[in-house]
Amino acid sequence: MKFTKYFLWGGSSSAPQTEGAYNIDGKSLTVADLKYYELVLDKKKTISEIKKMTNSKLRNALENFNELYFPKRLGINFYNTYKEDIKLLSELGINSFRISISWARIIPNCDDGVVNQKGLEFYRNVIMEFKKYKIEPIITLSHFDLPFKIVEKYGGWKNKKVIDLFIEYAKVVFKEFKNEITYWIPFNEINAALFSPWVGAGLIIDNEDNILQSSYISLHNLFIANSKAIKIAKIINSNFKIGCMIASFPSYPINSKPDNVILNQKDQQLKMYLYLDVMCKGIYPNYILKYWKDNNISIDIKDDELKIISNNNVDFISFSYYMTSINSVEKTEEVEANLITLSKNPFLTENDWGWQIDPLGLRYILNDLWDRYNLPLLIAENGVGFKDDLTKDHKVNDNYRISYLKDHIEQLLESIKDGVNVFGYLLWSPIDSVSSVTNEMSKRYGLIYVDLDDLGNGTNKRFLKDSYYWFKNYISQK
Ligand code: BG6
């Protein structure tokens, strides 16, 4: 059995992790530009500490704006190297690529309606460059780079005014690219609002009396924005396909003890199903209403907002898949994933960061989501971070990455045989970029090596890893 010729073989990336040029051609600051490289100050910093934004960290970032090192301001300089990078991507043989557009490049002041033509021009150039090589661009409108002005002036996504500001931005982009783009994803990993409130919702942790409540309020506003974006998008071009995107966290009960099984079920509702139930079925399920009540969380949800959510559902589901975890009522060994802490499964191996490797988990989540929602599925991110060694002759022997990809793609094929409707597989990420949570370069996902270290030293040249040749050959036979 082969993949159909329409299957999207591609890659994924984000503006804050690749573009650099953080203050060029009119772009304003984003929440990503204010994350300095904390591991250089303290190697023992945990991921949970790094991902949080506090007032003291923010003050530190603003007061030492030019002294501290902020990796996402540099990215991999894609703003200037996109032509060469897209050429290398085209030679890989892929037919699709997911990029994100930075709101702060398009409407830098966010609330004055002034559109930055240079921002639009940059993305038009990038989109046309992909099209030149017959690579279908897939666009995310917000990938962990909320404009900082939204934080300063409005306090982040918990403020309902942000919904309309986002829609203004979305409208500009939908109109601009109404003939070039088919697939749109309004928000990357929308569940990050709960698990990583700074990048997901623009919340400063110590400004909130009840961070859990503020995160759910922000999430509700994100859901409204998602539905409003769908509505406006379909008016602009009824052929647009709009998808939601979650970070998937499939997990298994540690054993058949009923307490573990029910714990696992509750865990999956809060980590994954809630977001999809709202964006795919248009309802707030009973389990979340009960959870809010039990946890004294009060959210002002208006009838007309529920109507918008219920009337404007997504066309497809996209998700990132990196690892699975287990649930147990007893304490077990844990690992910090990028958004949350997960329990380790003793049957699995792991990468340098302790992220567990579970190819079968991909088949499991694909079947699970297809059975539950019956909507076409797109694997928007799958890949693995490793520390790579560049040899003197500029090679990277990354058999570990080849094994990972091969095993995952085999399970993807199995899920298609199972009857799952999955229409694409996007690698995270064909080209090395700055890590989302730890802001380091040494956590490399790419098939293309970028010669930059954690402090931005290096030639910034690109070198092809063994996995690049393997992937190119592999998909050409599929
Ligand atoms: C996803 C994000 O959560 O995970 C990406 O959408 C991110 O932006 C990826 O890069 C891997 O996480 P990290 O922190 O290892 O880069």
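The values are calculated or read from the model by the stated rules, or taken from the named source; none is laboratory data. Here the structure is a predicted model, which means the values were calculated and not measured. Because the Cβ atoms are built from the backbone with ideal geometry, glycine has one as well, and the counts that use them run over all protein chains shown. Surface accessibility is based on the protein's heavy atoms, side chains included, excluding ligands, DNA and RNA. Shrake-Rupley method; radii C 1.70, N 1.55, O 1.52, S 1.80 Å.
Brief remarks on what is shown
- Looking across segment 414-430 at every residue that is open to solvent by less than 10 Å² (accessible area, probe 1.4 Å) and in contact with a Lys or Arg (Cβ under 7 Å, 6 or more places away or on another chain), the one that is nearest to the ligand (Cβ to nearest atom) is identified as L426.
- Counting only strands (runs of 3 or more DSSP E) wholly contained in segment 333-382, the ones carrying 2 or more residues that are without any contact (Cβ under 8 Å) to a residue 24 or more places away in the chain occupy 334-336.
- Sole residue being surrounded by 13 or more Cβ atoms within 10 Å (Cβ to Cβ), within 16 Å of the ligand (Cβ to nearest atom) and at pLDDT below 95, chosen from I340, I317: I340
- Any hit, segment 135-146, residues being over 19 Å from W184 (Cβ atoms) and outside any helix (DSSP H, G or I): no
- Residues that are open to solvent by 10 Å² or more (accessible area, probe 1.4 Å) and not in a loop (DSSP other than H, G, I, E, B), drawn from segment 28-58: L39, V40, I47, S48, E49, K51, N55, S56, K57, L58
- Residue count, segment 198-248 (criterion: open to solvent by 10 Å² or more (accessible area, probe 1.4 Å), within 16 Å of the ligand (Cβ to nearest atom) and hydrophobic (A, V, I, L, M, F, W, C)): 1
- Some residue of segment 137-146 being of a type in the set (D, E), within 20 Å of the chain's Cα centre (by Cα) and closer than 24 Å to V434 by Cβ: yes
- Residue match in segment 77-84 (condition: aromatic (F, W, Y) and open to solvent by 40 Å² or more (accessible area, probe 1.4 Å)): no
- The residue that is nearest to the ligand (Cβ to nearest atom), counting only those in segment 436-451 that are crowded, with 21+ Cβ neighbours inside 10 Å and of a type in the set (S, T, Y), is S436.
- Segment 112-134, residues that are open to solvent by 30 Å² or more (accessible area, probe 1.4 Å) and assigned to a helix (DSSP H, G or I): Q117, K118, E121, R124, N125, M128, K131, K132
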